[in-house]
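The values are calculated or read from the model by the stated rules, or taken from the named source; none is laboratory data. The shown structure was predicted, so the numbers you read here are calculated from the model rather than taken from an experiment. Here the Cβ positions follow ideal geometry from the backbone for every residue, glycine too, while neighbour counts run over all protein chains shown. For the accessible areas, the whole protein counts, side chains as well, though only heavy atoms, and no ligand, DNA or RNA atoms are used. Shrake-Rupley method; radii C 1.70, N 1.55, O 1.52, S 1.80 Å.
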Amino acid sequence: MKQQHLQLDHNKRLRHFLTTEGLKRDLLVEILDTAESFTSITNQQIKKVPLLRGKTVVNLFFEASTRTRTTFELAAKRLSADVLNINVSASAASKGETLLDTLRNLEAMHCDMFVVRHPNSGAAHFIAEHCAPHISVLNAGDGRHAHPTQAMIDMFTIRRHKHEFHNLSVAIVGDILHSRVARSQIHALSTLGVPDIRVIGPRTLIPADASTLGVHVYNDLDQGLDGVDVIIMLRLQRERMSSALLPSEHEYFRLYGLTKEKLALAKADVIVMHPGPINRGVEMDSAVADGEHSVILQQVSHGISIRMAVMSMTMSPKGTSQSERDA
Amino acid sequence: MVLEAPNILLASMASQLQERIDSKQINNPAMVGIHTGGVWVASALHQLLAIKEPLGTLDISFYRDDFSRIGISPEVKPSKLPFSIDDRHIILVDDVLYTGRTIRAALNELFDYGRPASITLATLIVRSGRELPISADVTGTQLSLDSTQQIKLKGPEPLSFEIVELTDS
């Protein structure tokens, strides 16, 4: 409950975006609708709108990232904000500065938004709890916990292709255990009303509590893919694996890699997604990654619109109510 | 106050616009309506003038000057301009011209799409209360209203409007 309160202001408007867990369906749909409006900006000669002019967004990355950081940066720039990119692992933290001191310094520079990626679960919440009241915090991935903007990108991509959520079967395949993306996706899918959410992977890579999330667990890829509308492949997160959870990548591909043959088990109009970066030949065959069912590059484009939506929603002045907006 | 029926106003606007197009020898103009009421008025005019280019629509939410006070509207819609703006004669249509701030935002948005040859502003109703140096080229009717009064437009078919008193709540 604490997380939900932290994310919303007293009028139940988005204040920080830390997790998809516990957010109401209306709010998730509002994020998708707002993102839809931002897609028209790519048709402009000048691909910028003046919404966040004069605001400063800080990309505070304690963990490496290319796609997420660049699309957050591009989103902020298309909203006319100024952007600072801070790679913390390479700077102050290594000189012994605490997280709170780093925050206080950035606040003293009059920044307005922190986009935080951190290897520890809960880091974005911690920052949201301790930052100055005018600052909004967006979680760009914390440990194994959540990656809410990536989940909303995937919801946006699904809605664009399938239009509705209430009649879908969605399979999430691979390393569920280490995946903050999967966790955020499962919460969003279930809030948006997807009746059949499946997680598919080896026992060692499925969290023990998976079934409590309201998903169907499959250890066999063929069974799991039967008749699905959407397949979300996850990256094998070697860097987060502390022990030998897998025999080999080759063995993993043989059992859980997505090939044309496996894809034929799903519905004829199935879409294939992957949050990136892809390990070709480990999670999926190149023929599938580049094939007609793949919407992986669309996900990247949608990333900019979703991040623009969340940035402009959280940067809306705190505490304005619906009636004030209508006036 | 007796208000004329919107279809009479629309017919008058269409003939004023046609006159303007003829006298200025404007070739192949394009029409753009501002969400939501302006799009209703524009679709009626678009039909009356038999304009070849499909109707463009603008949602100026991203260009408003009061984001820092009221934030982003949850009902924002995508803008759709299905033609090139560059060197085009544009007829910009809105329902009511009041403070002029919506038109300021619309002009800024249009210029992010290209450099038009000209922009003509047509509004169904022009009311008192301008805060910016903006005026309409073509108007259905002019109303002198107090700041406590608001024009409520209903549409798209049939188009109707009424004057309501704003109450302090």
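Any chance you could give the angle, 0 to 90 degrees and rounded to 10, that helix A:180-191 forms with the longest Cα principal axis of chain A?
90 degrees
With a 1.4 Å probe on protein heavy atoms only, tell me which residues of region A:46-71 lose at least 50 Å² of accessible surface in the complex relative to the chain by itself.
A:Leu51
In straight Cα distance, which aspartates and glutamates are under 20 Å from A:Lys260, not counting same-chain residues fewer than 8 positions off?
A:Lys260 reaches A:Asp220, A:Asp222, A:Asp226, A:Asp229, A:Glu249, A:Glu251, A:Asp269, A:Glu283, A:Asp285, A:Asp290, A:Glu292.
Keeping every protein chain in place, order A:Ser312, B:Ser147 by accessible area at 1.4 Å, biggest value first, i.e. largest first. The partial results should precede the final answer.
Numbers: A:Ser312 0, B:Ser147 90 Å².
Descending accessible area places them as B:Ser147, A:Ser312.
Please list the non-local residues whose amide H lies under 5 Å from the amide H of A:Leu177, H modeled 1.01 Å from N, same-chain partners needing a gap of 5 or more.
It is A:Ile206, by chain and number.
Using protein chains only and a probe of 1.4 angstrom, how many square angstrom of B:Lys154 are accessible, to the nearest 10?
110 Å²
Report the FRET efficiency, 1/(1 + (r/R0)^6), for B:Lys52 and B:Ser12, where r is their Cβ-Cβ distance and R0 is 30 Å, rounded to 0.05.
0.85
Please compute the per residue accessible area over chain B with all protein chains in place, 1.4 Å probe, rounded to a whole number of Å². Each step should come with its number before you reach the end.
On the way: 8490 Å² over 169 residues.
Heavy-atom SASA per residue in chain B reads 50 Å².
Where the centroid of each part is defined by its Cα atoms, how far is region A:186-202 from region B:42-111 in Å?
Here the answer is 40 Å between Cα centres.
Report, in debye and to the nearest 20, how large the dipole of chain B comes out about its Cα centre when Lys and Arg carry +1 and Asp and Glu carry -1 on their Cβ.
Details: 15 positive and 21 negative charges, 55 e Å.
Roughly 260 debye for chain B.
Taking the full set of protein chains and a 1.4 angstrom probe, give the accessible area of A:His10 in square angstrom, rounded to the nearest 10.
Near enough 150 Å² of accessible area.
What does the charge count near A:Ile46 come to, summing +1 for each Lys or Arg and -1 for each Asp or Glu among other residues with Cβ under 15 Å from its Cβ? Intermediate values should be presented prior to the final figure.
Numbers: positive: A:Lys47, A:Lys48, A:Arg53, A:Lys77, A:Arg78, B:Arg115; negative: B:Asp86, B:Glu109, B:Asp112.
So the surrounding residues net to +3.
Just from its helices, what would the mean residue ellipticity at 222 nm be for chain B, if runs of 4 or more DSSP H residues each count -39500 (n - 2.57) and the sum is divided by every residue, rounded to the nearest 500 deg cm²/dmol? Display every interim value, and only then the final one.
Details: 4 runs with 47 residues, N = 169.
Mean residue ellipticity at 222 nm (helix-derived): -8500 deg cm²/dmol.
In sequence order, what are the phi-derived ³J(HN,Hα) couplings for region A:143-148 according to the Karplus relation 6.51 cos²θ - 1.76 cosθ + 1.60 with θ = phi - 60°, rounded to whole Hz, with x for glycine and proline?
x, 9, 7, 8, 8, x
Set Lys and Arg Cβ to +1 and Asp and Glu Cβ to -1, take the dipole of region B:2-165 about its Cα centre, and tell me which of B:Ile85, B:His35, B:Ser160 lies farthest positive.
B:Ile85
Please say if region A:148-301 is rounded, prolate or oblate, where rounded means a/c under 1.5 for a ≥ b ≥ c the square roots of the C-alpha gyration tensor eigenvalues, and otherwise the choice is prolate for a/b larger than b/c and oblate otherwise? Present the calculation step by step, with values, prior to reporting the outcome.
Details: a/c = 1.42, a/b = 1.18, b/c = 1.21.
Note, shape of region A:148-301 comes out rounded.
To the nearest 10 square angstrom, how much accessible area does A:Arg67 have with a 1.4 angstrom probe?
My reading of the accessible area for A:Arg67 is about 90 Å².
Grab the DSSP H runs of chain A that are 4 residues or longer, score each as -39,500 (n - 2.57), total them, divide by all residues and round the 222 nm result to the nearest 500 deg cm²/dmol.
Numbers: 13 runs with 122 residues, N = 327.
Calculated from helices alone, the mean residue ellipticity at 222 nm is -10500 deg cm²/dmol.
Ordered by residue, what ³J(HN,Hα) values in Hz, to whole numbers, does region A:26-37 give under the Karplus form 6.51 cos²θ - 1.76 cosθ + 1.60, where θ = phi - 60° and Gly and Pro are x?
Rounded to whole hertz, the list is 3, 5, 4, 5, 4, 4, 5, 5, 5, 4, 4, 5.
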